[in-house]
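Trainee: Input: one structure, supplied below.
Values quoted throughout were computed directly from the atomic coordinates according to the rules given, and no laboratory measurement underlies them. Remember, predicted model here, so these are calculated numbers, not experimental data. Every residue, glycine as well, gets a Cβ built from its backbone with ideal geometry; the counts of neighbours run over all protein chains shown.
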Amino acid sequence: MNLQTAPDVPATGRLAIVHDYLIQMGGAEQVVASLHKALPQAPIFTSVVDRQQLLPDLRAASIQDSWMRALPGVSRHFKRYFPLYPSAFRSLGRIDCDVALISSSGFAKWARFAPRATTISYCHTPARFIWMPDQYLEHEPIHPMLKAAAKLMLKPLRQRDYAIAQKIDHFIANSAYIQARIKRFYGRDSTVIHPPVNLDEFSPTQDHGGYYLIASRLVGYKRIDIAVKAFSQNGRRLIVVGDGPDRARLQAMAGPSVEFKGWLPRAEMLAYLQNCYAFVFPGLEDFGITPVEAQACGKPVLAFGQGGVLETVVPGLSGMFFEAQSADSLNGRLQDFEAQQWSADAIAGHAAQFGEARFIEQITQYVNEVLAQRGSAV
């Protein structure tokens, strides 16, 4: 495999979008799709893309990836290849643009840019596996020897990641929670622009099917195990939509009141969301788009009270928080949660502030301000 640096890659126009990888279509990829809507003339550069999984809004976009596309099983095992991502981004060559908008929680900002380029990092988080390895790896189903080997690589990666962060011209944080993390790890100031939620997909309803819902990738750090244990104990019905490497472990601990639906097409997942009594969010997330989607349906959110969810859920209006990441803490909040009278219209009204139109307006304004400093605008 030839890992030599490629020639400079011209970007059509003045703008370029760079993203870690387009494999799993989660919240970060929704950000990229909205960036493409805001800046349709900007080509997208990434390490690897799975075109079968692309969001509809990205299918016609100009996307260039790297040699990583040829790696066996990369779409399923992309995390195992993490030492290769820096080389993959270097192999893209020097991206020739005036402004690069970098969507990243990993290595996208390690790409090389033309000397004249102004770089803007839309930071979902400083890379968890580099800066918070214990938190990131604790609940991952990885062999202990692999975890130990990964940690040995972290010191030089951390030093390099910090050095590259100092070369970024502007940082945007996806939440105040991440803004503080950017300051802590990189010593950099940032502007908060919350990620987009496509509110057009949802309509609030007071009706429900009497079940609680989780919709998530089933990976360890999402802490779905907390909810599975809690609802197996309390006997209330919990539906889990999603798939991932933690599914077998979660199903093994689940009682009869917990149902696993696996991965579902978007329309089917939305039907479950529209018909649930409430949405459960036990993880510690940087922002958390699915709780906002649930609120757009008029559904209250029962969430672990840390992270970005503190910026999207209003206690007593659109949800409640439990204090510790444990089944006992979650169950201890249920009585108050179920005694609350929830208004679907009030909940959806609160969610309206997180729409995609707002995101596109704020991003476009931000980029225009940067371009104005260069004497041009989109």
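Trainee: Where the centre of each part is set by its Cα atoms, how far does segment 230-266 sit from segment 173-189, in angstrom?
Mentor: Segment 230-266 and segment 173-189 have Cα centres separated by 33 Å.
Trainee: Just to be sure I understand the model, the point goes 7 Å from the Cα along the line to the Cβ. What's the resulting R184 to Q325 distance in nm?
Mentor: The two pseudo-label positions are separated by 1.3 nm.
Trainee: With only Lys, Arg, Asp and Glu charged, each at its Cβ (+1 for the first two, -1 for the last two), find how big the charge dipole of the chain is about the Cα centre; round to the nearest 20 debye.
Mentor: Values: 38 positive and 34 negative charges, 288 e Å.
Once rounded to the nearest 20, the dipole reads 1380 debye.
Trainee: Here's another thing I want to ask about it. State the answer as a single residue: which of S343, F260, H77 lies farthest towards the positive end of the charge dipole of the chain, with beta carbon charges of +1 for Lys and Arg and -1 for Asp and Glu, about the Cα centre.
Mentor: Ranked along the dipole, the leading option is H77.
Trainee: Restricting to lysine pairs 8 or more places apart or on different chains, what number in the chain have Cα atoms under 15 Å apart?
Mentor: Working: K79/K147; K79/K151; K109/K167; K147/K155; K167/K183.
So the count of such lysine pairs works out to 5.
Trainee: Additional query: Return the calculated 222 nm mean residue ellipticity for the chain, to the nearest 500 deg cm²/dmol, obtained by summing -39500 (n - 2.57) across DSSP H runs with n ≥ 4 and dividing by the residue count.
Mentor: On the way: 14 runs with 138 residues, N = 378.
Computed ellipticity for the chain at 222 nm equals -10500 deg cm²/dmol.
Trainee: For a paramagnetic label modelled at 7 Å from the Cα of K79 toward its Cβ, which residues of segment 210-248 fall within the zone defined by backbone nitrogen distances under 17 Å?
Mentor: 216-226, 242-248
Trainee: Then there is this: Where the only charges are on Cβ atoms (+1 Lys, Arg; -1 Asp, Glu), what is the dipole of segment 199-353 about its Cα centre, to the nearest 20 debye? Write down the numbers at each step before the final one.
Mentor: Numbers: 12 positive and 17 negative charges, 99 e Å.
Dipole magnitude for segment 199-353 comes out near 480 debye.
Trainee: Report, in debye and to the nearest 20, how large the dipole of segment 170-284 comes out about its Cα centre when Lys and Arg carry +1 and Asp and Glu carry -1 on their Cβ. Walk me through the numbers on the way to the answer.
Mentor: Numbers: 14 positive and 9 negative charges, 115 e Å.
Its charge dipole is roughly 560 debye.
Trainee: Given a cut-off of under 8 Å on Cα pairs at least six residues apart, what relative contact order in percent is computed for the chain? Mind showing how you got there, number by number?
Mentor: Values: 758 pairs, mean separation 51.7, N = 378.
The value is 14 percent.
Trainee: Turning to a different aspect of this structure: Going by how many other beta carbons lie within 10 Å of each one, how would you line up K167, K109, fewest first?
Mentor: Details: K167 9, K109 24.
Taking fewest neighbouring Cβ atoms as first place, the list is K167, K109.
Trainee: Report D for segment 199-353 in µm² per second (integer): Stokes-Einstein, Kirkwood Rh on Cα pairs, 20 °C, 1.002 mPa s.
Mentor: Details: Rh = 15.1 Å.
For the chosen part, D equals 142 µm²/s.
Trainee: Relative contact order (percent) for segment 49-116, with alpha-carbon contacts under 8 angstrom and 6 or more residues of separation? Mind dumping the intermediate values first?
Mentor: Values: 48 pairs, mean separation 18.6, N = 68.
This gives 27 percent for segment 49-116.
Trainee: Compute the relative contact order of segment 199-353 as a whole-number percentage, counting only Cα pairs closer than 8 Å that sit 6 or more residues apart in sequence.
Mentor: Working: 320 pairs, mean separation 40.5, N = 155.
Reported as a whole number, the value is 26 percent.
Trainee: Compute the FRET efficiency between A339 and A248 as 1/(1 + (r/R0)^6), taking r as their Cβ-Cβ distance and R0 = 30 Å, and round to the nearest 0.05. Could the numbers behind the result be given before it?
Mentor: Details: r = 36 Å, r/R0 = 1.20.
After rounding to 0.05, the efficiency reads 0.25.
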